[in-house]
Amino acid sequence: MEELLNGLSGTGVHSAVAGIAQPNPASNRLHERLGYLEVGTYREVGFKFGRYWDVTWYQKSLAG
């Protein structure tokens, strides 16, 4: 993922976002270590494995 973020440098992309089905502490930690900030959670909007899941959204500014 670091390679992807580095590849966006200089492209004019302003921010990166990630939606993570919860619970997923490992993915949450990974994104936070990469500089993403949690911006909110939508309740029961993801559907997989036959059930609805909360999805937490993260955002990382690429400006600057």
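The values are calculated or read from the model by the stated rules, or taken from the named source; none is laboratory data. The model shown is predicted, which means the values in this text are computed figures rather than measured ones. Glycine also receives a Cβ, built like all others from the backbone with ideal geometry; neighbour counts cover every protein chain displayed. Surface areas here come from the heavy atoms of the whole protein model, side chains and all, with no ligands, DNA or RNA. Shrake-Rupley method; radii C 1.70, N 1.55, O 1.52, S 1.80 Å.
Values for this structure:
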{"read-out": "Odd one out for LEU5 among (1) modelled with pLDDT of 95 or more; (2) open to solvent by less than 40 Å² (accessible area, probe 1.4 Å)", "value": "(1)"}
{"read-out": "Selection from segment 8-23 of residues that are over 20 Å from LEU62 (Cβ atoms) and open to solvent by less than 60 Å² (accessible area, probe 1.4 Å)", "value": "ALA21, GLN22"}
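For (1) farther than 25 Å from LEU5 by Cα; (2) small (Gly, Ala, Ser); (3) in contact with a strand residue (DSSP E or B) (Cβ under 7 Å, 6 or more places away or on another chain); (4) surrounded by fewer than 11 Cβ atoms within 10 Å (Cβ to Cβ), each residue gets a yes or a no:
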{"position": "ASN28", "(1), (2), (3), (4)": "no, no, yes, no"}
{"position": "GLY35", "(1), (2), (3), (4)": "no, yes, yes, no"}
{"position": "TYR42", "(1), (2), (3), (4)": "no, no, yes, no"}
{"position": "TRP53", "(1), (2), (3), (4)": "yes, no, yes, no"}
{"position": "LYS60", "(1), (2), (3), (4)": "no, no, yes, no"}
